[in-house]
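Enquirer: Can you read through this structure? Questions will come right after.
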Amino acid sequence: MNRYMTPEQVCEELLPGMTVDLLAQLRYTGRGPEHRAPTPRKIYYREADVLAWGEASRRTSTADTALAG
């Protein structure tokens, strides 16, 4: 699972419902999945990192968010 994906591919294939703008905001605030930036205008995500980030943010109820913060 070392496939590298653009933000558009991540939103389309791995995180349905996530927008590219929201993914960029999460990247900016440091709350999103690990990413690579080989140049200032190119951003890539490793598929395994996105899936791990998604699993780490699993919640069983809305109260979990308040307790985790």
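Enquirer: What does the chain give for Rg and for Dmax, in Å, if only its C-alpha atoms count?
Expert: 12.6, 39
Enquirer: Find how much the distance from Glu8 to Ala24 grows on full extension, using 0.36 nm per residue of separation minus their present alpha carbon separation; answer in nm with one decimal.
Expert: Result for the pair: 4.7 nm of gain on full extension.
Enquirer: Compute the relative contact order of the chain as a whole-number percentage, counting only Cα pairs closer than 8 Å that sit 6 or more residues apart in sequence.
Expert: 36 percent
Enquirer: Which whole-number value in Å² is the accessible area per residue of the chain, probe 1.4 Å?
Expert: With all protein chains present, the chain gives 74 Å² per residue.
Enquirer: By per-residue mean of other Cβ atoms within 10 Å, what is the highest-first order of 21-34, 49-62?
Expert: Put in order of decreasing packing, that is 21-34, 49-62.
Enquirer: Quick one: pull the percent of accessible area on the chain belonging to carbon and sulfur, 1.4 Å probe, ligands and nucleic acids left out.
Expert: 52 percent
The values are calculated or read from the model by the stated rules, or taken from the named source; none is laboratory data. What you are looking at is a predicted structure, and each value in this text was computed from that prediction instead of being measured. Here the Cβ is made from the backbone with ideal geometry for all residues, glycine too, and neighbour counts use every protein chain on show. The accessibility values were calculated without ligands, DNA or RNA, using every heavy atom of the protein model including side chains. Shrake-Rupley method; radii C 1.70, N 1.55, O 1.52, S 1.80 Å.
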